[in-house]
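The values are calculated or read from the model by the stated rules, or taken from the named source; none is laboratory data. This structure is a prediction, so every number in the text was calculated from the model and none was measured. No Cβ is skipped: glycine too gets one built from the backbone with ideal geometry, and neighbour counts run over all protein chains shown. The accessibility values were calculated without ligands, DNA or RNA, using every heavy atom of the protein model including side chains. Shrake-Rupley method; radii C 1.70, N 1.55, O 1.52, S 1.80 Å.
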Amino acid sequence: MAPGTLEIVDDGNALQRRRQDVLQRRKMQEDALGKLCTRWVAREKQIQELIGLLGTGCEPAPSLLICGGGSTGKTSIVKDLLETVGARYAYVSCLESATPRQVFHAVLTQLKQNKRRKSTGYMADVKCDRL
């Protein structure tokens, strides 16, 4: 093989598996869109945009900052979408988490699925003493 050329090795099934993955992902997106649009009337456009950005929970999603007026459903719709597709996520309120340590603690707690306990002052068992 000449320098700078690329050799693609395919076992014959790789392309077929990739096509199946894409079709399955599209089906999951359509199913999620249908479910969410019945629960969130008049939000089809926003839900479609979110599904396009977040995918189906199978791949890493980008960090998002969603802005808008109060009580418009921002948090509820995003949480509902992530739960519908079965994605693992952490929700952090910037009003409640003012420092990087608080943000990191909130994310760790949710991703480790620890519960807040009265005995620890409603803090979870996750420690993040060092960043």
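Against the definition (part of a loop (DSSP other than H, G, I, E, B) and at pLDDT 90 or above), how does residue 42 come out, yes or no?
Criteria met by residue 42.
Tell me which residues, restricted to the range 22-48, are over 15 Å from residue 85 (Cβ atoms) and open to solvent by 70 Å² or more (accessible area, probe 1.4 Å).
Once the filter is applied, which keeps residues that are over 15 Å from residue 85 (Cβ atoms) and open to solvent by 70 Å² or more (accessible area, probe 1.4 Å), the range 22-48 yields 23, 38, 41, 42, 43, 44, 45, 46.
Taking only pairs six or more apart or across chains, which ones have beta-carbon atoms under 6 Å, a first residue in the range 85-101 that is within 14 Å of residue 74 (Cβ to Cβ) and touching a residue at least 12 places away in the same chain (Cβ under 8 Å), and a second residue that is among the hydrophobic types (A, V, I, L, M, F, W, C) and surrounded by 13 or more Cβ atoms within 10 Å (Cβ to Cβ)?
92/103; 92/106
Regarding residue 54, is this residue surrounded by 15 or more Cβ atoms within 10 Å (Cβ to Cβ), modelled with pLDDT of 85 or more and touching a helix residue (DSSP H, G or I) at 6+ places or on another chain (Cβ under 9 Å)?
no
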